Number of protein chains: 2
Amino acid sequence: MASRITRRSAIFGATAAALSLQVDGQSGSGTVERWGIFEISLHGPADGNPYLDVRLSAELRHQNRVLDVSGFYDGDGAYKLRFMPDSEGEWSWTTRSNRPELDGKRGRFVCSKAQPENHGPVIVRDIFQFGYADGAVYCPFGTTCYAWAHQGDALEEQTLATLRSAPFNKIRMCVFPKWYAYNNVEPQYYPFPRSSSGENDLSRFDPLFFRHFEARVAQLSALGIQADLILFHPYDHWGYANLPAEVNDRYLRYVIARLAACRNVWWSVANEWDLVKSKTLADWDHFFRVIQESDPYGHLRSIHHSKVMYDHAKSWVTHASIQGDQFDRTPEWRDAFQKPVVFDECKYEGNIPRRWGDISAREMVRRFWLGVVMGGWVGHGETYLDPHDVLWWSKGGVLKGESAPRVRFLRELIDSAPPGMKPMPASYYPCLARAGEQYLYFLDYHQPAEFAFDLPAEGRFRAELIDPWNMTITAAPGEFHAKAQLKLRGEPYQAVRFRRS
Amino acid sequence: MASRITRRSAIFGATAAALSLQVDGQSGSGTVERWGIFEISLHGPADGNPYLDVRLSAELRHQNRVLDVSGFYDGDGAYKLRFMPDSEGEWSWTTRSNRPELDGKRGRFVCSKAQPENHGPVIVRDIFQFGYADGAVYCPFGTTCYAWAHQGDALEEQTLATLRSAPFNKIRMCVFPKWYAYNNVEPQYYPFPRSSSGENDLSRFDPLFFRHFEARVAQLSALGIQADLILFHPYDHWGYANLPAEVNDRYLRYVIARLAACRNVWWSVANEWDLVKSKTLADWDHFFRVIQESDPYGHLRSIHHSKVMYDHAKSWVTHASIQGDQFDRTPEWRDAFQKPVVFDECKYEGNIPRRWGDISAREMVRRFWLGVVMGGWVGHGETYLDPHDVLWWSKGGVLKGESAPRVRFLRELIDSAPPGMKPMPASYYPCLARAGEQYLYFLDYHQPAEFAFDLPAEGRFRAELIDPWNMTITAAPGEFHAKAQLKLRGEPYQAVRFRRS
């Protein structure tokens, strides 16, 4: 049987049924750009329970290199394998299956140069930083819309439209639907087939759910946004937080088989793992191992806590995903984990009657600055009351707050800084610097009228007074070096940048 | 030899030479108000070294009660004993001395009812509170002018004039002069006689220094301001931080003999004890013991740290004097020490290029509110750059900042609250309350648009929205009880008060 390869584009404004993963692979002599998705479609048995009965994988070869990729059942006798080639040149593939009609299929394709806007997946770089696989700069400035992909097309498309002009290049989002305060709606799709009385058939998946979800992930990719996919979370009323162990593993492998070929995917094993009472620490360790085994590309892996921090030093964790606002502990955590530190949840800008969802825009902006100059990364979220309970933090929609433009302002400063900026450990005020080139200070609630900043005795530097809230950059007259005194505004929450002349 | 008793009033605007302690005792059948100062003056030997050679004390008797009071040498053959009677009625006194001309002198006086503005010394009340000895409310809202009494008359009188209309009822001030950044002037008086080449005669004291100092303390008393007297500090270039052990003890006993009869005196054994490198922890413990032995009235005793906290649980410490802004640790410290917790130094409002002296007025106001609703007390200070280096924090002068009026606003709210207000341990937002009567919330950087505050199901409460910065109190319509929803402003740094209708 010949393989059938599909090429479709993500379509904004399409109905859910028309939504599908953006795939650019073609069979035989087809061409796929580097870090694009090559998809192999096969026909196989539809009887019995293909999710349990049929095993399908492929060996992908490039010169002497071999990668194992798992396939998945997509319903109606359709079987698929997805692959993200990371090297240019000719690749070949051969399937393996316990079913003869799926076994031993072969093909070839060429991996071409990536398109200019395609920089590949994000990886860890220089211990504490992130970067695109092609070497391009990637500094995470993320937001949080936990359940945006389960809200129906109208709202989901509004969310995508918002994201298109928002400053965020990462989004935290749950695979499973969410049930919680302000989140008491049933989704359009469910991950497991569901009887009218609400019983899950945990022996199968519902391909519609996953087709829809992965199409949204692909749309994020087209916007240059990393999808920090939360695989488990406690906000549940369907039973997804308390699945049997073998279903958890099958679910992880199915998600990875479907989604790992998307270059913008990160794996967040849990949101608030310590609030999921049905799972032990050993379970979480096990999930990390399953993900490592199943993901041929080694996408970023993290786990997010509520009160009890997971040991981010464990080898399978690629970066620390922190809840809280203890930015002054960033140096300690960098030292302890030797990994990037991401404050994925430092509370949300908003006005709901919850301590975690009622901080002011100014406080949010302050937190972004503080986290970044201390050597971490910070995540955004918005929780303004809404007559229809559409809060950005969980459902998406539109941004109502005032911090997002200021996050863009900071992001532009950081994106344009020289590589290798790191926190200066002995700095009097917090400072992110590349020694001898650039120094970015944030003074938080301090308001000195003047200060003698520590600059090298060699070289001359120009100073700029930066107002993070008003988003202004004002050059200070003169040049500076050594302990040169700089006159400041005497106002709190200001920043200062020195750049070599 | 007959005793000579003086009665003089503290005179604002007087020259330093004319300044003297306010004393209202008279000999024989004289009358002293309760918690006033009864002073006995005697003539004795002026030859040799009276500071070392002459011992003088008195027994003060009231019915079956006997107190020992140490006298002191005041120069020119003058010996004095000062006593603060705490009980109304007849007192008698008998001196003891190793010199016959000072020994066995006797007299009587009557202690009358205190004047209305005289509430006696401040004591600890209800474990975590303070109060006046007569039962009147005393909630400490202090400021810091470390060296104000060593600045010469013009500036000192300006400081007193400022204090007269300022909201502060406590002031932290050093007995020894201070040498430090912005504090590089020589004082008019020195505690020890000093040669022209700057050598201290540590075997004697200079009575002029102490007469001047105690007059300033008495002037504070007249303004209703507690003098939190710092006995040792590290900011020195005269040698006072590194005196021989026997001189330290003699100095403590001399200060106490002169000043303990002032009802507004508190003993702060050190400012930043851990920065005084010449003294060990055992030395500080010893100083506390000397003070306890020497002070017949048991004035409040504390010690203030920089980085290393003293163990405030030690029996001789009456309250914890904290440096820092860890207001969220107040419950822990209350539990650990079972004493009032005073954040005597939470940084200063100002604009000098020091992290501890450059916080904004809004941040200072925030800290006062946070500290108070968490169950502590907070101290003020101001460090604005000045062309003549007159910074309030150390030299006094005038207040330039914006926090002081807001401290008054808070003080009035707290002074007028029912007694027994304490932090509610499980409150969602920090709350100081007397259960069933009054609830004072401070929401810090939170800005919920509405909130269901925890109120008793019984009773009805009126709500007020309080803006700590704009100093407004706005009644909310209606009455509240149980989990009644209150609409808020949706702005940060707001407070809410509920009072039983």
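Observations
- Of the residues A:173, B:374, ranked by 1.4 Å probe accessible area with the largest first, the sequence reads B:374, A:173.
- The phi-based Karplus calculation (6.51 cos²θ - 1.76 cosθ + 1.60; θ = phi - 60°) puts the 3J(HN,Hα) values of segment B:334-351 at 4, 4, 6, 9, 6, 8, x, 10, 10, 7, 5, 8, 10, 6, 10, 5, x, 9 Hz, whole numbers, x for Gly and Pro.
- Under a 5 Å amide H cut-off, with hydrogens placed 1.01 Å from N, residue A:130 pairs with A:125 among residues at least 5 apart or on other chains.
- Computed over neighbours whose Cβ is under 12 Å from that of residue B:247, the net charge equals 0, Lys and Arg +1, Asp and Glu -1.
- Degrees between helix B:403-415 axis and first principal axis of chain B (Cα, 0 to 90, nearest 10): 80 degrees
- The residues of segment A:335-355 listed by number as losing at least 30 Å² of accessible area in the complex, against the isolated chain and with a 1.4 Å probe, are A:351, A:353, A:355.
- A quarter of the convex hull surface defined by the alpha-carbon atoms of the protein assembly as shown gives 48.0 nm² as the mean projection.
- Label geometry 7 Å along the beta-carbon vector: residue A:313 inter-copy distances in nm: 2.9
- In the context of the full protein assembly, residue B:493 retains an accessible surface of approximately 70 Å², using a probe radius of 1.4 Å and ignoring ligands and nucleic acids.
- Volume per residue that the Cα convex hull of segment B:293-376 spans, once the total is divided by residue count, Å³: 113 Å³
- Solvent-accessible area of residue A:483 with every protein chain in place, 1.4 Å probe, in Å² to the nearest 10: 130 Å²
- Accessible area, probe 1.4 Å, largest first, for residues A:79, A:180, A:384: A:180, A:384, A:79
- When B:31, A:143 are compared by accessible area of protein heavy atoms, the largest-first order is B:31, A:143, using a 1.4 Å probe.
- Sorted shortest first, the distances from the residue A:96 label point to those of the same residue in the other copies are 10.0 nm; each point sits 7 Å from Cα along Cα-to-Cβ.
- Annotation for the A:B interface, with buried accessible surface near 2200 Å², both sides summed [1.4 Å probe; non-protein components not counted].
- Within chain B: Cβ-based charge dipole about Cα centre, in debye rounded to nearest 20 (Lys, Arg +1; Asp, Glu -1): 800 debye
- In chain A, the longest principal axis of the Cα atoms and the axis of helix A:361-373 are about 90 degrees apart.
- Chain-alone versus full-assembly comparison, segment A:443-466, residues with accessible loss of at least 50 Å² (1.4 Å probe): A:445, A:446, A:447
- Summing Cβ point charges (Lys, Arg +1; Asp, Glu -1) relative to the Cα centre of segment B:428-496 gives a dipole of roughly 100 debye.
- Under the Karplus curve 6.51 cos²θ - 1.76 cosθ + 1.60, θ = phi - 60°, whole-Hz ³J(HN,Hα) for segment A:115-130, x wherever Gly or Pro sits: 5, x, 7, 9, 9, x, x, 8, 10, 7, 9, 6, 6, 10, 10, 10
- Note that chain B shows a convex hull volume over its alpha carbon atoms of 149 Å³ per residue.
- Distant-in-sequence amide H partners of residue A:446 (H built 1.01 Å from N, under 5 Å): A:493
- 15 Å beta-carbon shell around residue A:316, net charge (K/R +1, D/E -1): -1
- Each of B:308, B:257, B:229 was scored by the projection of its Cα onto the charge dipole of segment B:219-335, and the greatest displacement toward the positive side belongs to B:257; charges sit on the C-beta of Lys, Arg, Asp and Glu.
- In this structure, the amide hydrogen of residue B:476, modeled 1.01 Å from its nitrogen in the peptide plane, lies closer than 5 angstrom to those of B:463, B:464, B:465, counting only residues at least 5 positions away or on a different chain.
- Measuring between alpha carbons in the structure, the pairs from A:487/B:395; A:347/B:483; A:307/B:422; A:277/B:487; A:307/B:170; A:395/B:347 lying more than 30 angstrom apart are A:277/B:487; A:307/B:170; A:395/B:347.
- Computed helical MRE - 222 nm, chain B, DSSP H runs ≥ 4 contributing -39500 (n - 2.57), nearest 500: -6000 deg cm²/dmol
- Counted charge near residue A:410, where neighbours are those whose Cβ lies closer than 13 Å (Asp, Glu -1; Lys, Arg +1): +3
- A probe of 1.4 angstrom, applied to the heavy atoms of all protein chains, finds residue A:53 with accessible area near 70 square angstrom.
- Set of aspartates and glutamates near residue B:339 by C-alpha distance (under 14 Å), chain-local residues within fewer than 8 positions excluded: B:126, B:311
- Helix A:245-259 axis, angle to chain A major axis (alpha carbon atoms, nearest 10°): 80 degrees
- Carbon + sulfur, % of accessible area of segment A:354-501 - ligands and nucleic acids excluded, 1.4 Å: 52 percent
- For segment B:235-309: accessible area per residue (Å², 1.4 Å): 33 Å²
- J(HN,Hα) series, segment B:88-99, from Karplus relation 6.51 cos²θ - 1.76 cosθ + 1.60, nearest Hz, glycine and proline x: 6, x, 8, 10, 10, 9, 9, 8, 10, 7, 7, 10
- Burial of 20 Å² or greater, segment B:482-501 residues [accessible area, probe 1.4 Å, versus chain by itself]: B:493
The values are calculated or read from the model by the stated rules, or taken from the named source; none is laboratory data. As the structure is a prediction and not an experimental result, all values here were calculated from the model. Cβ: placed from backbone, ideal geometry, glycine included. Neighbour counts: every protein chain shown. Heavy atoms of the whole protein, side chains included, go into the accessibility calculation; ligands, DNA and RNA do not. Shrake-Rupley method; radii C 1.70, N 1.55, O 1.52, S 1.80 Å.
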